[in-house]
Amino acid sequence: MENKAQIISATKWKIAEKIGSKGTQMVIQIILARLLMPDDYGTLAILTVFINLANVFIQTGFSTALIQKLEADDKDFSTCFYASIIIAIALYSLIWFSAPYIADFYNMKEITRLLRVLSIVLFAGAINSVQYAYISRCLKFRIYTIATIMSSISSGIIGIILAYRKWGVWALVTQQLLANIISVLLLLVMAEWKPKLMFSFERLKGIWSYGWKILGMGILNSMYSSLYTLVIGKAFDSETLGLYNRADQFPNLLAANVNETVQAVSLPVLSQKQKEKKQFVERFKLAIKANAFVLVPCMIGMAAIAPEMIEVLLTDKWLGAVPLMRILCCIYAMYPIHTMNIQAIKASGRSDILLITEIIKKVVEISGLLFTVRYGLIVMLMTQLFISLSFAVVVNTVPTSRLYSYGFFKQIKDVWKCYLASLLMAVAVIMMGNLFNGFVPLVKMLLEIIAGILLFIFLEILLKDESMKIVLNSLKLEKRL
């Protein structure tokens with residue numbers, strides 16, 4: 001019972017962190033988008049590509065390896081801490097000297113200073129990655145929740161003030177920089193673990209033997225997601241890149257938060273049962289069903305109300321993002337299957353298999369991107385959706401089928417009702433939206449949301465989907481505990 005209580009409490013605090021911090025960030029980004037222009041976000045998107053790629057080297061491998069390791073002590077954490085700082089120094093230096101060449105490539109001279117300033121977040125990422133690994137292992141997400149919410153609010157207020165004072169893209173850069181710095185300072189004060197004067201090359205070698213494969217996967221994913229931004233920024237213009245960036249904002253925010261919550265809790269929980277196949281699969285099933293119940297209707301529903309949502313939240317100057325947002329929502333709707341299979345392979349300790357599957361997927365996905373760029377952004381995204389639905393989902397489920405006998409068809413059998421209910425709900429919402437055309441956009445959007453929620457619940461009951469029962473039972477168990 002204590003184990004279940006700990007898992008539920010950790011999940012609750014992780015969800016609270018995502019709703020609190022990311023919800024705050026979403027509100028802040030909405031306000032900033034109303035004050036700023038698509039060009040500003042296009043510039044920020046290019047900057048973020050290089051920062052995110054560098055952060056993968058710092059945060060991905062060591063953090064995941066520390067969480068997955070059955071036994072980890074202060075020497076392990078301190079070793080990873082100092083190694084991460086050294087890597088951050090090297091990457092910051094590389095970005096500093098590369099910034100003028102990046103600016104010349106995109107013919108945007110202002111990128112040089114912006115990139116050099118924003119790259120300071122790499123040091124915050126190095127510190128936070130180890131602190132987060134400790135918090136995740138102990139399932140003590142309450143501390144992380146408080147720190148991220150406080151940093152989001154304080155940095156967001158400053159960003160809005162600067163945007164109002166016409167700082168343009170510098171308002172966005174300052175807001176992101178402060179959010180990371182404030183979060184680091186708060187965690188250093190609040191977290192129980194502090195770095196100690198310990199370092200072991202032997203421990204580093206052991207952690208690296210697992211972590212480098214996770215790092216390789218992270219690099220592939222980051223390069224692939226960044227490739228869209230780099231190609232759009234070069235092949236089109238900063239305004240088109242800004243529209244793509246805002247189209248991705250809302251579905252990415254929700255999908256990333258749900259998946260990060262599932263990953264943060266499921267990886268340590270699954271890792272504990274990596275040698276007990278039956279219990280491992282039971283937890284795997286519960287996680288994939290609950291994840292689908294939360295994320296799929298939200299993504300498909302968001303695609304249905306995209307026009308009203310963009311107009312209400314960002315104003316009509318962003319309406320060009322609507323078709324892009326709808327395709328992206330459908331792509332993110334497949335994340336429950338992708339995410340849980342990746343987490344299962346991570347928890348099993350087979351990071352080598354994970355790296356191989358990612359290489360296979362990325363070769364196909366990048367080929368599709370490069371082949372379709374000449375046909376426009378819509379075709380590029382539709383190709384990405386097709387690959388995700390047909391190829392990537394199969395590749396992700398092959399290893400779990402072999403390791404745990406829980407493959408593609410068994411997983412589809414467990415979640416198909418949730419996808420069907422979401423699709424039927426979306427079709428009904430779009431049809432009802434035509435009846436509400438005379439209403440104010442805000443009222444129309446609210447009516448569509450209410451109708452969509454009620455209809456989805458009705459369809460879940462009608463289809464007798466276990467996904468809803470799992471979520472409700474979890475809530476009931478939490479109350480009893």
Exposure ranking of Leu420, Leu435, Leu186 by accessible area [1.4 Å probe, largest first]: Leu435, Leu420, Leu186
By how many nm would the segment from Arg34 to Asp74 grow when fully extended, if each residue of separation counts as 0.36 nm and the alpha-carbon distance is taken off? 9.8 nm
Pop out the carbon and sulfur fraction of the accessible area of the stretch 328-481 as a percent, whole number, probe 1.4 Å. 74
Could you list the square roots of 5 times each eigenvalue of the Cα gyration tensor of the stretch 273-429, that is, the equivalent ellipsoid semi-axes, sorted largest first and rounded to whole Å? 31, 21, 12
Over the stretch 366-416, how many percent of alpha carbon pairs lie in each 5 Å bin up to the one with the longest distance? 5, 19, 21, 16, 11, 12, 11, 4, 1
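Packing-wise, with mean Cβ within 10 Å as the measure, how do 81-87, 338-344 rank, highest first?
Working: 81-87: 19.0, 338-344: 24.6.
Descending mean neighbour count gives 338-344, 81-87.
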Sort Glu466, Glu308 by accessible area with a 1.4 Å probe, largest first. Glu466, Glu308
Roughly how many Å is it from the Cα centre of the stretch 362-433 to that of the stretch 284-300, as a whole number? 14
Which listed pairs, of Lys413/Lys444; Lys444/Lys464; Lys234/Lys317; Lys278/Lys413; Lys361/Lys417; Lys166/Lys317, have C-alpha distances above 24 Å, in listed order: Lys413/Lys444; Lys444/Lys464; Lys361/Lys417
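Order Trp96, Trp193, Trp170 by their accessible area, 1.4 angstrom probe, all chains in place, largest first.
On the way: Trp96 105, Trp193 5, Trp170 75 Å².
Ranked from most to least accessible, the order is Trp96, Trp170, Trp193.
Return one whole number: the accessible area per residue of the stretch 390-454 in Å², for a 1.4 Å probe. The partial results should precede the final answer.
Numbers: 3570 Å² over 65 residues.
With all protein chains present, the stretch 390-454 gives 55 Å² per residue.
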Protection proxy ranking of 291-297, 102-108 - average other beta-carbon atoms within 10 Å, highest first: 291-297, 102-108
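The values are calculated or read from the model by the stated rules, or taken from the named source; none is laboratory data. What you see is a predicted model; the values in this text were computed from it and never measured. Every residue, glycine among them, receives a Cβ derived from its backbone with ideal geometry; neighbour counts consider all protein chains shown. The protein model used for the area step is the full one, side chains on, heavy atoms only, and it has no ligands, DNA or RNA in it. Shrake-Rupley method; radii C 1.70, N 1.55, O 1.52, S 1.80 Å.
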